[in-house]
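The values are calculated or read from the model by the stated rules, or taken from the named source; none is laboratory data. Just so it is clear, the model here is predicted, and its values are computed rather than measured. With ideal geometry, Cβ positions are generated from the backbone for all residues, glycine too; neighbour counts draw on all protein chains shown. Keep in mind that these areas ignore ligands, DNA and RNA; they rest on the heavy atoms of the full protein, side chains included. Shrake-Rupley method; radii C 1.70, N 1.55, O 1.52, S 1.80 Å.
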Amino acid sequence: MSDLYDDQDAFGEGSEAGDAQERVFAALPPAQGRGFAATWWGQAWLKALEDTALDLSQLKAGRRLARAGAVGAVSVRPGRITAVVRDRGGALHRSDVLLHQLDGDGWDRLLGMAVERSGYIAALLDREMPPHLVEDAAAAGVELLPGIGDLEPRCDCDAWDHCAHTSALSYQVARLLDQDPFVLLLLRGRDERSLLDELQVRSAAAAAPAPAERESGEPEGVDAADAYASAIVLPPLPPPPPLPAEPGLPPVLDTETAPPGDTDVDALEFLAAQAAAEAHRLLSDALTTGHPQRPVAEELSPSADAARLAAAAPPEHVAVRLARASGRDREGLALAARAWEHGGVAALAVLEDAWTPDALSAARARAALEAAWEEDERPALKGARGRWTLSDGATQLRLGRDGRWWPYRKERGRWAPAGPAASDPAAALVTALGTGQA
């Protein structure tokens, strides 16, 4: 076996991948009770290892080390994977496994085939290795997956074959390949970014009509299938825009020209200002961490949207129109706006939609009420349909469908929201009383 430990360029073309990016994967946790490869390509990697190794006892020792989490961070770069492996005695060993890189002609054939079959690239971007990609590549004379003898071990323990350390590293790499087949393509010489960039260039060139075609009188353009294929390898989207310090200013409608018909200029200006404020809020929310994983909020009903707008203090005649359009009187809209300020849609539902808790929700509510106060301090509360009214007849706790408690006070004969929700009924009652003590 040739001495390649200090001469990586001898193990492949080298020049094709001079700018390829090294990827470093953090040490994986122990793999107790699970296989090392769940995908067919990860299993093919292990088959190449197991068919190559001459000492099966070293393979078994390597599996034990990998299962125990003895393999450190794994560096993957063209032609080589590297990690520090701790053996059973605690000694640390640098271990490498080498794999030939594809030469320039091999990459040219592989990329040309991928451009013709855009589904292959789509599968890779979904972190899948299509079997037909490997088969078609082999038919074109390009071997993507390693075969017998392709995985060359190098370890500072001076073993001449795969030792426990290089075996452990190879078993751990099978787990990385399961997660991302681009690891294999990086080993063969191309990192994901440069690979996709070149595919984009090739796809655009393939989609462009030839000069003769343009002169033939045929309509200019790109076939829809070609355009779709090119879109698969487009570069990533630009970074999101920065959040403006404040919402944009709506246009001023106070001009010398009279508005048409019965256009309400004040209402238009108010709606434009609210649209700008809502757009600023949505953008701020979209830029927060984890936003793509959150469920999409349901569209507001006209009644709920009227409460949202009323909370922004519109001109009085606009508020009157909002009340009429939402089926409320003016005082009812003011209460809805106050509820919206305290908790949005959830608070509005507590104000306007009475509900009767099911048996489980009622039991939890009773337990929360009993735990909130000592026996001799518990206030006299009378419950009905998810609402508990204090003996004074002017203070109330309402149970929301999410299990939170909402404080209410009676004002001019109507129950009015007195503050935001609390998980503790005693805290909600303090807010409802407004005295600082329950």
What are the residues in the range 75-127 that are of a type in the set (Val, Ile, Thr), within 24 Å of GLY62 (Cβ to Cβ) and buried (at least 21 other Cβ atoms within 10 Å of the Cβ), if any?
-> VAL76, ILE81, VAL85, VAL97
Exactly one of ASP96, ASP9, ASP19, ASP51 is modelled with pLDDT under 90 and outside any helix (DSSP H, G or I), and that one is ASP19
Answer yes if at least one residue in the range 136-146 is surrounded by fewer than 24 Cβ atoms within 10 Å (Cβ to Cβ) and touching a Ser or Thr at 6+ places or on another chain (Cβ under 8 Å), and no otherwise.
-> no
Conditions: (1) free of Cβ contacts under 8 Å to residues at least 60 places away in the same chain; (2) surrounded by 13 or more Cβ atoms within 10 Å (Cβ to Cβ). SER423 meets all but one. Number of the miss?
-> (2)
Out of the range 367-390, which residues are part of a loop (DSSP other than H, G, I, E, B), touching a strand residue (DSSP E or B) at 6+ places or on another chain (Cβ under 8 Å) and either in contact (Cβ under 8 Å) with a residue 60 or more places away in the chain or closer than 15 Å to PRO407 by Cα (or both)?
-> PRO379, GLY386
Which one of these is over 30 Å from GLU316 (Cα atoms) and either in contact with a Gly (Cβ under 9 Å, 6 or more places away or on another chain) or at pLDDT below 75 (or both): GLU256, GLU198, GLU213, GLU192?
-> GLU213
Extreme residue, least open to solvent (accessible area, probe 1.4 Å), among residues of the range 395-414 that are part of a strand (DSSP E or B) and in contact (Cβ under 8 Å) with a residue 60 or more places away in the chain = TRP406
For the range 32-47, name all the residues that are within 12 Å of ASP150 (Cβ to Cβ) and either surrounded by fewer than 19 Cβ atoms within 10 Å (Cβ to Cβ) or modelled with pLDDT under 85 (or both).
-> LYS47
May I ask you to verify whether VAL345 is open to solvent by 20 Å² or more (accessible area, probe 1.4 Å) and either of a type outside the set (Gly, Ala, Ser) or free of Cβ contacts under 8 Å to residues at least 60 places away in the same chain (or both)?
-> yes
Note on THR52: of the conditions (1) in contact (Cβ under 8 Å) with a residue 60 or more places away in the chain; (2) touching a helix residue (DSSP H, G or I) at 6+ places or on another chain (Cβ under 8 Å), unmet is (2)
Which of the following residues is open to solvent by 30 Å² or more (accessible area, probe 1.4 Å), within 36 Å of the chain's Cα centre (by Cα) and more than 28 Å from LEU309 (Cβ to Cβ): ASP392, ASP376, ASP358, ASP353?
-> ASP358
Every residue from the range 117-142 that is of a type in the set (Asp, Glu) and without any contact (Cβ under 8 Å) to a residue 40 or more places away in the chain = ASP126, GLU135, ASP136
